[in-house]
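Shown next, in structure tokens, is the structure this report addresses.
The values are calculated or read from the model by the stated rules, or taken from the named source; none is laboratory data. Everything numeric here is computed off the predicted structure, so don't read it as measured data. Here the Cβ is made from the backbone with ideal geometry for all residues, glycine too, and neighbour counts use every protein chain on show. With ligands, DNA and RNA removed, areas are computed over all heavy atoms of the protein, side chains included. Shrake-Rupley method; radii C 1.70, N 1.55, O 1.52, S 1.80 Å.
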Amino acid sequence: MDVQPKSMHGIWSGRWTFILAATGSAVGLGNLWKFPYVAGTFGGGAFVLIYLVCILLIGVPVMMAEVLLGRAARKSPINAMDHAVVASESRSAWRYIGWVGIFSALLILSFYAVIAGWAMDYLILTVKGALFEVSGDEAVLLFSNLVSDPLRLILWQSTFLALCFFVVAAGVQKGLGRAITILMPILFILLIVMMLLAVLKGDFFSAWKFLFAFDFASITWRAVLEAMGLAFFTLSIGMGAIMAYGAYMPAEASIGRTVLVVAILDSAVAIIAGLMIFSIVFATPGIEPSAGPGLMFISLPVAFGNMAGGQILGILFFFLVVIAAWSSAISLLEPAVAWLIEEKTISRQRACVILSSLVWTLGIGTVLSFNIAKDIKVAGLTFFDALDFLTANIMLPLSGFAIAIFVGFIMRDDLVRVQMSDLKIKYLAYWLWLLRYLAPIAVLIIFAMGIYDKFSSV
Ligand code: TRP
């Protein structure tokens, strides 16, 4: 079998395009919206430390394995798994990793587009000056006006999906590659500007103390599960997005070094976003860090509405969120699109139409779970909460586990080594140890304890 096949979809124009694309996928709502509010809910400090440890010891080795699988086959996740399974002469059940991956990507995208839509709505609200001098109660009202209006949510969800559609339909180099090289620099500049403004105007010292005061008493298994799920979610691993992007990675680029750069950039953005948001939150009386999913959409508007220059800050901020969500969402669409093209030999555009319509329809479930169907709950969770929990805390860690075991033990040794040929023997051994033992065992323990903890309290 050919050890390094060619991709029918194209190749990134260089190692840096892969780094930008993978960082674009990684940095998104997970960093800007989810990380701060979950860290706030679970009390800051110790949670943040556990999250970073999960990224380093579980996330990085699994991400390397995922990129490797993609590049070894240069195909969409489902066919990449097929390729590795056939080449390693192992059981075909491992192929389900690819299927589960593509399925969870579409599930995630269906709610991701709705939340990204909120950010677009808030961008317009801020531009129109609707946040001017809002009080806490008015901010709550603004938010509930938005989420209780299904049509308004659907309008934004559709607009956001259309943005993703255009990029993915244009292809790997002209669409994804070009979008990423434009979006990422904008994102970094916005983040730095926002950070400086937050330090100047906010309470940076309290934010720092909150995120880095390690109070281990507040940690439960439930929190550890959440930290691990968030680590998977924020790195975009455990479902094929990174496998799909890895398939377009130039052969000579180093997987280890590249993944490390992406993980460091991603964690840095989450920490910076946390510092920025909590600096603003702590400088505004009456706002709690543990406000939950509304943190970004209720607390921040109050802060923006009542500080000098807040409107500009607000516009920059929501623009940043939309760009970050956009560059992530395209990586949720690409794996399934690549698969449809390979399998059904249909055009990229047709594949995009079919899949975005599917995701759009599924997204209506999330839209309605905030209004008409908000009282329909399973195990105390609405449709949106259940989808979020199922994907981030169950599907991603379990496929991460399967990927670690597959690449660690099952995949043919020379196929693994050829992709990692640039790694020094010592580092290769460290990586294999983390992938074979530490990561899978840690995932299983955290998973079992976290699920037990969550459902024993319902
Ligand atoms: N990592 C993105 C974020 O933090 C979300 C995302 C994009 C994702 N692609 C993914 C999550 C694949 C899991 C799997 O917002």
For residue 172, solvent-accessible area (1.4 Å; no DNA, RNA or ligand), Å²: 0 Å²
Would you be so kind as to identify which of 411, 212, 302 lies farthest towards the positive end of the dipole of the range 15-456, taking Lys and Arg as +1 and Asp and Glu as -1 on Cβ and the Cα centre as origin? 411
Can you grab the distance from the C-alpha centre of the range 1-79 to the C-alpha centre of the range 195-273, Å, no decimals? 10 Å
Accessible area per residue in Å² at 1.4 Å probe, computed on the range 15-456: 37 Å²
Phi to ³J(HN,Hα) by Karplus 6.51 cos²θ - 1.76 cosθ + 1.60 over the range 190-200, Hz, x for Gly, Pro: 4, 5, 5, 4, 4, 4, 4, 4, 5, 5, 5
Summed side-chain charge close to residue 392 - residues other than residue 392 whose Cβ falls under 12 Å, Lys, Arg +1, Asp, Glu -1: -2
Regarding the range 31-161, what is the average projected area of its C-alpha convex hull, in nm²? 11.5 nm²
For the chain, size of Cβ-based charge dipole, Lys and Arg +1, Asp and Glu -1, in debye: 980 debye
Restricting everything to alpha-carbon atoms, can you work out Rg to Rh for the range 227-303 with a Kirkwood hydrodynamic radius? 1.14
Efficiency of FRET from Cβ geometry, residue 343 and residue 264, R₀ 35 Å, rounded to 0.05: 0.45
Take the range 114-266, drop everything but the C-alpha atoms, weight them equally and run the Debye formula without solvent; then report log10 I(q)/I(0) at 0.08, 0.09, 0.17 Å⁻¹ to two decimals. -0.38, -0.48, -1.48
Of the heavy-atom accessible surface of the chain (probe 1.4 angstrom), what whole percent is carbon and sulfur? 69 percent
Show me, for the range 34-45, the HN-Hα J-couplings you get by feeding each phi into the Karplus relation (A = 6.51, B = -1.76, C = 1.60, θ = phi - 60°), rounded to Hz, glycine and proline as x. 6, 4, x, 6, 5, 4, x, 5, 9, x, x, x
Gyration tensor over alpha-carbon atoms, the chain, equivalent ellipsoid semi-axes in Å: 35, 24, 21
Percent of all Cα-Cα pairs per 10 Å bin for the range 271-417, counting from 0 up to the last occupied bin, reads 9, 22, 29, 26, 11, 3, 0
Of the listed peptides 337-344, 380-387, what is their order by residue-averaged count of other C-beta atoms within 10 Å, with the highest listed first? 337-344, 380-387
Using the charge dipole of the range 15-456 (Lys, Arg: +1 at Cβ; Asp, Glu: -1 at Cβ; taken about the Cα centre), state which of 315, 156, 181 has its Cα farthest towards the positive end. 181
What does the extension gain come out to for residue 361 and residue 49, with contour length at 0.36 nm per residue minus their alpha carbon separation? 108.5 nm
Calculate for the chain the 222 nm mean residue ellipticity that helices alone would give, adding -39,500 (n - 2.57) per DSSP H run of length 4 or more and normalising by residue count, nearest 500 deg cm²/dmol. -22500 deg cm²/dmol
Sort 295-305, 325-335 by packing, meaning the average of other beta carbons within 10 Å per residue, with the highest value first. 325-335, 295-305
What does the charge count near residue 245 come to, summing +1 for each Lys or Arg and -1 for each Asp or Glu among other residues with Cβ under 12 Å from its Cβ? 0
Residues other than residue 366 with Cβ under 13 Å of its Cβ, Lys/Arg counted +1 and Asp/Glu -1, net out at -1
Which one, 58, 117, 41, projects farthest toward the positive side of the charge dipole computed for the range 1-126 from Cβ point charges (K/R +1, D/E -1)? 58
Round to the nearest 10 and report in Å² the accessible area of residue 431, as given by a 1.4 Å probe over the protein chains' heavy atoms. 10 Å²
SASA check, residue 140, accessible area w/ 1.4 Å probe, all protein chains in place, rounded to nearest 10 Å², comes out at 70 Å²
Can you tell me which lysines have their Cα less than 25 Å from the Cα of residue 34? Leave out same-chain residues fewer than eight positions away. 201, 209, 374, 377, 454
The answer for residue 412, listing residues at least 5 apart or on another chain whose modeled amide H is closer than 5 Å to its amide H, is 88
Solvent-accessible ranking of 257, 74, 91, largest area first, probe 1.4 Å: 91, 257, 74
